[in-house]
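Please read the structure below before turning to the comments.
We did not get these values from a lab; they are worked out from the coordinates using the rules stated. Note that this is a predicted model, so its numbers are computed, not measured. Here the Cβ is made from the backbone with ideal geometry for all residues, glycine too, and neighbour counts use every protein chain on show.
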Amino acid sequence: MGFPEDILTDDEIVVLDLHPHWIRLVRPAVCAVGVLGLAVLGVFFAPNGAAQKPLQYLVLIVAVVALVYLSVLPWLRWITTRYVITNERVLLRTGVLTRAGRDIPLVRLNDVSFQHTLFERLVGSGTLTIESAGERGQVVLASVPHVEHVHQRLYELREGSPGPTGF
């Protein structure tokens, strides 16, 4: 699923189109395995008999709700979050049922910084903080894959765009 080209201007080119780093999906995957394992154990060890069927159904209902809340929703949030950098602006799009977006023109960038912990360095992600000259101030992009490369590309694009000298 590519970024929708219809929201771009005529001469705008997508430079980077990213989702948050895949490491954000590890916890939902572990939760899915745990919930499914506990559900199987709960149904298997529930007493048999016609009177105990509601207990098995209750275990399955709780397991489905937990699976949706702990695994499906985080995956949907991940798949619907986009960090897009074009030659003119930075776009942030988030949301599953309701969508939110933020666009920052490159000419309004005041500062771009990144930070990553030792673990994030090992997996290749980090946090990118973009400070703009607008009234809304900073945007923090969490779990950006290859954050140093993205930081460098933003700096290169900012230096190449017309307007006041940046950073």
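Using each residue's phi in region 108-117, evaluate 6.51 cos²θ - 1.76 cosθ + 1.60 at θ = phi - 60° and report the 3J(HN,Hα) Karplus result to the nearest Hz, with x for Gly and Pro.
Using θ = phi - 60°, the values come out as 9, 6, 9, 8, 10, 9, 9, 8, 8, 6 Hz.
Could you give the dipole magnitude of the chain about its Cα centre, charging the beta-carbon of Lys and Arg +1 and that of Asp and Glu -1, in debye to the nearest 20?
940 debye
What label, among (i) 15.6; (ii) 18.6; (iii) 17.1, belongs to Kirkwood radius over Cα pairs in Å computed from the structure on display?
Looking at Kirkwood radius over Cα pairs in Å for this model, the match is (ii).
Farthest toward the dipole's positive end in region 91-167, which of HIS116, THR127, LEU91, given Cβ charges of +1 (Lys, Arg) and -1 (Asp, Glu) about the Cα centre?
Farthest towards the positive pole: LEU91.
Short version: ³J(HN,Hα) in whole Hz for each residue of region 75-83, in order, from phi by Karplus 6.51 cos²θ - 1.76 cosθ + 1.60 (θ = phi - 60°), x for Gly and Pro, what are they?
5, 5, 4, 5, 5, 9, 9, 10, 10
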